[in-house]
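Structure record follows, encoded as structure tokens.
The values are calculated or read from the model by the stated rules, or taken from the named source; none is laboratory data. Everything numeric here is computed off the predicted structure, so don't read it as measured data. Cβ atoms come from the backbone with ideal geometry, glycine included; neighbour counts cover every protein chain shown.
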Amino acid sequence: MPDFIGQKIKLAVDKAEKILSDQKIVKVPVDIESIAKSMGIDVTKIEFSKDEISGAIKMKGKQGNPIIAINQNHCIERQRFTIAHEIGHFVLHSIDNMHIDSAGVYFRDSNASSSTTNLKEAQANQFAAEILMPRGLVIKDLQGDFKLKNNNEDIMTIAKLAKKYNVSQQAMMIRIGGLVI
Ligand SMILES: [Zn+2]
């Protein structure tokens, strides 16, 4: 990984870890809505015109606070990841007015080159993974009750772990792959 990208991702990790330690979060599932609230961000669940939209952040909602809107039709695990992802944009990026996230397509950043946009999305995803699946806790679980054995049982173990953290199995799988302990 080129240094520049590595540093940007590290920044996302650091920001998430700082929030976890400032708020003394040591238990999962992480209450991501409370974290948003503690930062003065309102969270609302709505129906979007397009179902592929997972969520958005608007810097100034009707109440004057920043507001994260998430797609109420998506499953709870996905909603939680989206809230965390939008908080990531909030702490890492300067958002003009609004940022909308859609499955694989990102709007509103038309001025930025696509690689800049992709890097921002990667940072927000890393932030979300970090805050919902705190590194230290996942590692402890993988070394304890959720040891992977490199056999057919692993899929069940990952499913149980995902349930414990209230994230999707896919998100947990990516997280474990990224930890490589
Ligand atoms: Zn995004």
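Summary table
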{"item": "From LYS50, LYS27, residue being out of contact with any Pro (no Cβ under 6 Å at 6 or more places or on another chain), more than 16 Å from the ligand (Cβ to nearest atom), closer than 22 Å to SER168 by Cα and of a type in the set (Lys, Arg)", "result": "LYS27"}
{"item": "Evaluation of GLY6 against (1) assigned to a loop (DSSP other than H, G, I, E, B); (2) exposed (fewer than 13 other Cβ atoms within 10 Å of the Cβ) (one fails), failing number", "result": "(1)"}
{"item": "Qualifying residue in the range 158-166 (condition: over 23 Å from HIS85 (Cβ atoms) and not assigned by TED's automatic domain parsing to the domain that holds ASP14)", "result": "yes"}
{"item": "Selection from the range 122-154 of residues that are more than 13 Å from the chain's Cα centre (by Cα), touching a residue at least 12 places away in the same chain (Cβ under 8 Å) and under 30 Å from ASP101 (Cβ atoms)", "result": "ARG135, LEU137, VAL138, ILE139, ASP141, LEU142, PHE146"}
{"item": "Selection count, the range 33-91, where residues are hydrophobic (A, V, I, L, M, F, W, C) and out of contact with any helix residue (DSSP H, G or I) (no Cβ under 8 Å at 6 or more places or on another chain)", "result": "9"}
{"item": "Selection count, the range 126-176, where residues are within 18 Å of ALA16 (Cβ to Cβ) and not in a loop (DSSP other than H, G, I, E, B)", "result": "20"}
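For every residue, the table says whether it meets (1) at pLDDT 90 or above; (2) surrounded by 13 or more Cβ atoms within 10 Å (Cβ to Cβ); (3) farther than 19 Å from THR116 by Cβ.
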{"site": "VAL30", "(1), (2), (3)": "yes, yes, yes"}
{"site": "SER34", "(1), (2), (3)": "yes, no, yes"}
{"site": "SER54", "(1), (2), (3)": "yes, yes, yes"}
{"site": "ILE68", "(1), (2), (3)": "yes, yes, yes"}
{"site": "HIS74", "(1), (2), (3)": "yes, yes, yes"}
{"site": "ILE83", "(1), (2), (3)": "yes, yes, yes"}
{"site": "VAL91", "(1), (2), (3)": "yes, yes, no"}
{"site": "SER94", "(1), (2), (3)": "no, no, no"}
{"site": "HIS99", "(1), (2), (3)": "yes, yes, no"}
